[in-house]
Amino acid sequence: MRALTWQGREKVSVEDVPDPRIEQPTDAIVRVTSTAICGSDLHLYGVLGMFLDAGDVLGHEAMGVVEEVGPEAGNLRVGDRVVVPFNIACGHCWMCERGLQTQCETTQVRSQDKGAALFGYTKLYGQVPGGQAQYLRVPQAQYGPVVVPDDGSPDERYLYLSDVVPTAWQAVEYADVPPGGTVVVLGLGPIGQMAARIALHRGAGRVVGVDLVPERRAMAQRHGVETIDPTAVDDLVAAVRDLTSGRGADSVIDAVGMEAHGSPVAETTQKVVGVLPDAIAAPLTERAGTDRLAALYAAIDLARRGGTISLSGVYGGAKDPLPMMQLFDKQLTLRMGQANVRRWTDDLLPLVADVADPLGVLDLRTHRLPLESAPDAYRTFQRKEDGCIKVVLDPWA
């Protein structure tokens, strides 16, 4: 089969790799009809590549049709149209029963002291081949895959249940936005876009999106989100307080994460580490790595006293400094973590299936390209060129 593989140093290529096969009784094989590039893939592409091996198959947002099932794959049937959550969970362990599928005790990568295994996301998370490929082996198929209607609708109606929509839903849940309250969303990439729309859908009175990119702000505005270009105001905190009776936002969602603009020292450090041999860079990143924290610091400044900050942007630093005095003095609540996808999909499936499209899932993808174009698409997405907000790849085009 054809698959997007890691080749090292911000280089990916589409190669022929062996077809996946059933390895465990709970496995299934899915013929991938659509797969997407996530901002988290760019973290691998630009910062965390030292944890990948050449030939690793990337990607963790995929959907398709079940081609084969193991004898213990539950009610899954050949021919089912399914979305595959990015985290691999069993559904029956202590953590899964409490809605913490990202900490699944069956698939935890204990050798790396990490949570549940993830598709296409380095040896830290199990080195499970990912979904930017023509076929995908799905472990724990008795629980993970979400069967969606085979109703002739485009894949983009359901594809984002793999990651984007549940991640954004959890970000809003964790943000604890009071009815009629104000939430600021930092970063209007795919997660920020959906978080802003979901916040409005769930009763926020005012949603303000902050992003440097005009095309991202324009997309958010189409869905009723107020936007701010941080370069167009003298003081972002003052601008938000002017909108909120001088207090600041009730809730702030950081949808940017470790590669935020405005962190020159950490950016330089990441670049230096990035040119070191992997055998040196990996342990250095694990023990002493730092993130670009400009977005997190901004979230702390923007939140009102007694407010809540929700982190959906990925952070990976081991030695990140935090302004503990400010966090304590402002009495802020901070919640974070990978999305527990299967915790939310039962609530979300009716919303994305609704022909009225209340969350605007059909207005997110800006580029649909053949899988063979994935290397160029990674570069375009990383550089925010050509109005690129969300890329969907077709493995069979």
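Here is how the numbers come out for the structure above:
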quantity: Cα gyration tensor, segment 127-173 - rounded (a/c under 1.5), prolate or oblate; calculated: oblate
quantity: Rounded accessible area per residue of segment 89-234, 1.4 Å, Å²; calculated: 36
quantity: Residue-wise HN-Hα coupling along segment 77-84, computed from phi with Karplus coefficients 6.51, -1.76, 1.60 (Hz; x: Gly, Pro); calculated: 10, 4, x, 5, 8, 9, 9, 10
quantity: Rounded if a/c under 1.5, otherwise prolate or oblate - the chain, Cα gyration tensor axes; calculated: prolate
quantity: Of GLY257, GLY205, GLY248, the one that fluctuates the most in a GNM where the chain has Cα springs shorter than 10 Å; calculated: GLY205
quantity: Segment 192-255 shape via C-alpha gyration tensor axes, a/c threshold 1.5; calculated: oblate
quantity: Protein accessible area in segment 41-194, 1.4 Å probe - carbon and sulfur %; calculated: 48
quantity: Derived scalar couplings ³J(HN,Hα) [segment 87-102; Karplus, 6.51 cos²θ - 1.76 cosθ + 1.60; whole Hz; x for Gly, Pro]; calculated: 9, 9, 9, 8, x, 10, 6, 4, 5, 4, 5, 9, x, 10, 5, 5
quantity: DSSP bridge pairs, the chain: antiparallel proportion in percent, nearest 5; calculated: 50
quantity: Between segment 32-111 and segment 148-186, the alpha-carbon center distance in angstrom; calculated: 18
quantity: ARG368 long-range amide H proximity, modeled H, under 5 Å; calculated: VAL392
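The values are calculated or read from the model by the stated rules, or taken from the named source; none is laboratory data. All values reported here derive from a predicted model rather than from experimental measurement. The accessibility values were calculated without ligands, DNA or RNA, using every heavy atom of the protein model including side chains. Shrake-Rupley method; radii C 1.70, N 1.55, O 1.52, S 1.80 Å.
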